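Contents: one structure, followed by commentary.
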Amino acid sequence: MIDYQPFLQYLALDLDNKAIQQWLPQLPAQIERGLDQKRYGDLPRWQAALEGLPDWQPQAYQLDQAAITLKVATELNDEQLSQLKQQLQGLHPWRKGPFNFFGVHINTEWHSDWKWDRVKDHIAPLSGRKVLDIGCGSGYHCWRMRGAGAELVIGIDPTPLFVVQFFSLQKYIQDPAVTVLPMGIEHLPEKMRYFDTVFSMGVLYHRRSPFDHLIELRDALISGGELVLETLIIDGGAGEVLVPSDRYARMGNVWFLPSCATLQGWLQKVGFKDIKIVDVNTTSIEEQRSTEWMTFHSLEQFLDPQDHCKTIEGYPAPKRAVLTAKAP
C-alpha cells in the first residue's frame, strides 16, 4: 500500500520552517496528481503487485551495504522464495539498485552501488542533514543516504513505477523520514532554501535549460548547503558543449553534454562556490546492463558494436563527472 501519512506527519513536526508549513497543505494534491490512474494505465497493476507482497516482519534491514537488504529470522523455503520473486517481477523493470528481499536478490540494470561508492567519500557527512535526491528512481540512493545518517531524505521522481518500487521496501522498513514523491523539482516550492544537501545525479542532461535546473538546485539549498551533481560530460576545454543533433546513446531527451570546465563555469555563473570535480568515470557495460530484472536493451546495445568508445550514433561514449559545490 502506498501510504504517505507517516511521512507527512513527520514533515509536519518541522514547525519552524515556513517553506515546509506552506508546502504541506499542497502535498496531498500533488501526490494524487502524480499517481493518477487515468494518466498511468499500468499503475493499478503495479499497485496490485505491491499489495500482493507478503506481510512479513523483517528481523533486520541493512542500508549501508551494496544491496539494500531485508532479513527474516527463519530462512525461506524454495516455494516462498519463488512466490516472492514472481511478485517482485511484477514491478519490472528494476533499473536502480541492487536490493535483497529476504533472500531474493534483485540484480538491477544499474550497479547504483558503484556510483554511491564514487560519491560518498567526497561529500559532507550526511549525519543529521536534510537531503533531497532529484530523479531518484526506486529510491536506492535515498536508502543509502538514510543509512549514512541523514535526518530526512526526500526523493522525487515523476515515474509512478519507481514510486511503487520504493514502497515495496518501505512496506517492510516503515521509516517515515524517507520517502519518494511522484513529482519533479518544478513542483517544489520556489526558493525553498531548506535542504542541507541536494543530489542531482543523471538529470542535468535531460533538461532543455541547464541553467534553470542549476538555479532550482541552488534555491532548494540552505546557504552553504552542498550540491552533489553527477552528469554526462565530454572531454574538452572551457566553453565546449556537445548538443546531439537527434539521439544520444538512443536517448531522445539528451540536450547538453558540457566539458567539466564548462560545467564549472555554469555553476559559478549561477552563484555556486567552492566547486570541485571529485570524480570522472566512463560508464561500463558491467555497470549498466540488461538483467533478468531489466530485460530491455541497455548500454551495450546503445554503443557502436565495433567500437565501445562511441555511441551507436558516433558520439563519444557516456562519461560521467561528479562535482560538489556550495550554495551562496
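Values for this structure:
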| item | result |
| --- | --- |
| Selection status of ILE233, in a strand (DSSP E or B), in contact with a Leu (Cβ under 9 Å, 6 or more places away or on another chain) and modelled with pLDDT of 95 or more | yes |
| Pairs where the first residue, in region 11-39, is farther than 21 Å from PHE167 by Cβ and the second is among the acidic types (Asp, Glu) and part of a loop (DSSP other than H, G, I, E, B), C-beta under 6 Å, 6+ apart | ILE20/ASP14 |
| Residue match in region 161-171 (condition: in contact with a Leu (Cβ under 8 Å, 6 or more places away or on another chain), in a strand (DSSP E or B) and over 20 Å from ARG33 (Cα atoms)) | no |
| Residue match in region 253-265 (condition: in contact with a Gly (Cβ under 6 Å, 6 or more places away or on another chain), part of a strand (DSSP E or B), without any contact (Cβ under 8 Å) to a residue 40 or more places away in the chain and surrounded by 12 or more Cβ atoms within 10 Å (Cβ to Cβ)) | yes |
| Residue satisfying all of: in region 52-66; in contact with a strand residue (DSSP E or B) (Cβ under 7 Å, 6 or more places away or on another chain) and assigned to a loop (DSSP other than H, G, I, E, B); surrounded by the fewest Cβ atoms within 10 Å (Cβ to Cβ) among these | GLN59 |
| Contacts under 9 angstrom Cβ, first residue in region 317-328 being within 10 Å of CYS260 (Cα to Cα), partner buried (at least 19 other Cβ atoms within 10 Å of the Cβ) and of a type in the set (Asp, Glu), 6 or more apart | ARG320/GLU230; ALA321/GLU230; VAL322/GLU230; LEU323/GLU230 |
| Lone qualifier among THR69, THR74 - being more than 21 Å from VAL198 (Cβ to Cβ), assigned to a loop (DSSP other than H, G, I, E, B) and polar (S, T, N, Q) | THR74 |
| Some residue of region 149-156 being touching a Gly at 6+ places or on another chain (Cβ under 9 Å), part of a loop (DSSP other than H, G, I, E, B) and at negative phi | yes |
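Let's see how each residue does on (1) modelled with pLDDT of 95 or more; (2) more than 26 Å from ALA124 (Cβ to Cβ); (3) in contact with a helix residue (DSSP H, G or I) (Cβ under 7 Å, 6 or more places away or on another chain); (4) surrounded by fewer than 24 Cβ atoms within 10 Å (Cβ to Cβ):
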residue: ILE156; (1), (2), (3), (4): yes, no, yes, yes
residue: THR159; (1), (2), (3), (4): yes, yes, no, yes
residue: VAL178; (1), (2), (3), (4): yes, no, yes, no
residue: LEU181; (1), (2), (3), (4): yes, no, yes, yes
residue: ILE185; (1), (2), (3), (4): yes, no, yes, yes
residue: MET192; (1), (2), (3), (4): yes, no, yes, yes
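The values are calculated or read from the model by the stated rules, or taken from the named source; none is laboratory data. From a predicted model like this one, the values you see are computed outputs, not experimental measurements. Please note: Cβ atoms are built from the backbone with ideal geometry, for glycine as well, and neighbour counts cover all protein chains shown.
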